[in-house]
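K.L.:
Before I ask anything, let me first share the structure, which is written out below as structure tokens.
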Amino acid sequence: MNAIVKPSVSSDSINITADDTTTGRVMLREPGLLVIDHALPAPQFEAVTRAIAEGEYRSVHSERHDRAWRPWDGTPLRAGSMYYDPCAMFHWQGPLYPSGSAVDPLIDRVCQAAAVCPEIVGTEGLDWIALYLSAWLYPVGSALSLHRDGDQYSGAFAFFAHRRWCAHWGGELLVQPPSARHPGRGGAWIADDGDDDDGDPGIATCVIPKPNRLVLLGPNRPHRIARVDTNAGTHARASIAGFFLRPPC
């Protein structure tokens with residue numbers, strides 16, 4: 001069995017003010033939302049994009065219609081899951097960190113970001129104890145409707161792994177304030193005839209899916225993925241995204 005090597009963390013792991021693109025630059029830090037640009041050094045980012053391109057994907061609806069997506073949200077694609085579980089608290093059926101793959105440095109980075117900014121997703125070992133993540137492709141016409149992630153997660157993250165993305169291609173991550181009302185997962189997903197918008201302030205933070213950008217989301221921030229526009233052509237919105245798992249009850 002491989003020994004688990006936990007990511008090292010220091011106050012310099014993520015430089016809050018400098019422009020050093022080898023360590024990442026925090027572009028936005030607010031309650032429940034952290035955005036880091038240049039999250040990985042260029043060679044590691046290139047390795048991740050290659051892994052994304054070589055991955056095997058299936059529709060999110062390959063077994064049944066997943067109600068996290070409404071019927072008109074298109075057909076996003078996902079690869080198999082990978083897991084970070086240093087205390088072996090769960091029984092996973094899939095590759096574990098460290099896997100020797102290009103994704104290992106990204107997991108290191110996610111853990112470092114969570115440790116330096118614990119107000120976003122909580123503290124490892126206390127509020128969360130594991131990660132699971134997958135690669136995702138959102139082709140033209142696909143989206144993810146407004147939702148809040150399940151209570152079993154202390155937060156979520158997304159890392160944008162395409163080499164190029166233009167602002168008019170869509171696919172933005174729209175994050176509402178904690179006070180916003182939202183439909184839960186599996187809510188009124190067929191028809192919009194409910195009162196989901198009552199009391200909604202109508203304000204959201206728009207995060208463009210820039211390449212090599214890492215986003216951490218707290219558990220109280222409703223969010224959605226805007227539809228990928230036809231202007232994107234053959235370009236798919238590529239990401240690696242996952243969740244911070246709370247300790248089992």
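K.L.:
Which numbered condition trips up SER59, out of (1) at pLDDT 95 or above; (2) surrounded by 18 or more Cβ atoms within 10 Å (Cβ to Cβ)?
P.N.:
(2)
K.L.:
Which members of the range 204-249 meet the condition of being open to solvent by 20 Å² or more (accessible area, probe 1.4 Å) and of a type in the set (D, E, K, R)?
P.N.:
LYS210, ARG213, ARG224, ARG227, ASP229, ARG246
K.L.:
Of the residues in the range 62-90, how many are of a type outside the set (A, V, I, L, M, F, W, C), in contact (Cβ under 8 Å) with a residue 60 or more places away in the chain and exposed (fewer than 14 other Cβ atoms within 10 Å of the Cβ)?
P.N.:
1
Residue by residue, here is whether (1) small (Gly, Ala, Ser); (2) at pLDDT 95 or above holds:
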position	(1), (2)
ASP73	no, yes
TYR83	no, yes
HIS91	no, no
SER99	yes, yes
VAL103	no, yes
ALA113	yes, yes
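K.L.:
I'd like the full set of residues that are within 16 Å of the chain's Cα centre (by Cα), over 18 Å from LEU34 (Cβ atoms), hydrophobic (A, V, I, L, M, F, W, C) and part of a strand (DSSP E or B), limited to the range 205-249.
P.N.:
ALA238, LEU245
K.L.:
Mind checking which strands (runs of 3 or more DSSP E) fall wholly inside the range 91-177 and carry at least 3 residues that are surrounded by 20 or more Cβ atoms within 10 Å (Cβ to Cβ) and within 16 Å of the chain's Cα centre (by Cα)? Steps first, please.
P.N.:
Working: elements: 130-138, 144-147, 153-160, 173-175.
The strands (runs of 3 or more DSSP E) meeting that bar are 130-138, 144-147, 153-160.
The values are calculated or read from the model by the stated rules, or taken from the named source; none is laboratory data. The structure displayed is predicted, hence computed values, not measured ones. Because the Cβ atoms are built from the backbone with ideal geometry, glycine has one as well, and the counts that use them run over all protein chains shown. These area figures cover heavy atoms from the full protein model, side chains too; ligands, DNA and RNA do not enter into them. Shrake-Rupley method; radii C 1.70, N 1.55, O 1.52, S 1.80 Å.
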